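The structure is given below, and queries will be raised subsequently.
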Amino acid sequence: SAGEGVPSDMVLMHRSANPLIVVNEVDKAGEKVSSRSGGVTSLTTALLQVLEPETAGRFECPVHRVRFDLSRFNWVLTANELGRVPKPLRDRCHIFHMPLVTPDVAAQMFDTLLRNFDASIDEDTCRLVRAAVIEAAEHGHVSLRQIRRILERIVAADPQILH
């Protein structure tokens, strides 16, 4: 069941020749076996042709059978574990290592996310959970996603959150 690819879809939908495309957690992408042809494809294989300027400049959409110049696309690939990103992808990227979340940053993230929740959370619970988030950051064990999940559980009034 072939479908229009993201690059050609972006050009056609937004009429932009230089979009920014973010591929989140590329280290977790695996391979997919086609049920029709039995062939194996992967995100790595798909990305290699659009990350290389020579092949990106003459990308052909398999659905529309139209050639697109994707050489001006901007790509951001994120990964949690760099070692799990295939070497050919790493070779085509500038790698930026993000530092662990510091206690100060964790507190700021907590406060910012807390403002985004409509439900009122009592002050004592907020103070306790904020302190726990800061302590977790002191040991390098907290992320924005985890803080968001904690707040979602509090808003949902999950009694297990403080255990």
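From the list 113, 70, pick out the single residue that is in a helix (DSSP H, G or I), surrounded by 11 or more Cβ atoms within 10 Å (Cβ to Cβ) and of a type in the set (A, V, I, L, M, F, W, C).
Only one candidate qualifies: 113.
Can you find even one residue in segment 96-103 that is more than 17 Å from the chain's Cα centre (by Cα) and either in a helix (DSSP H, G or I) or of a type in the set (Lys, Arg) (or both)?
Yes, some residue in segment 96-103 is more than 17 Å from the chain's Cα centre (by Cα) and either in a helix (DSSP H, G or I) or of a type in the set (Lys, Arg) (or both).
State whether one or more residues within segment 86-96 are in contact with an Asp or Glu (Cβ under 8 Å, 6 or more places away or on another chain) and open to solvent by less than 50 Å² (accessible area, probe 1.4 Å).
There is no residue in segment 86-96 that is in contact with an Asp or Glu (Cβ under 8 Å, 6 or more places away or on another chain) and open to solvent by less than 50 Å² (accessible area, probe 1.4 Å).
The values are calculated or read from the model by the stated rules, or taken from the named source; none is laboratory data. Quick caveat, the model's predicted, so the values are computed rather than measured. Cβ sites come from the backbone with ideal geometry, for glycine too, and all protein chains shown count toward neighbours. All accessible areas refer to the heavy atoms of the entire protein, side chains included, with ligands and DNA or RNA removed. Shrake-Rupley method; radii C 1.70, N 1.55, O 1.52, S 1.80 Å.
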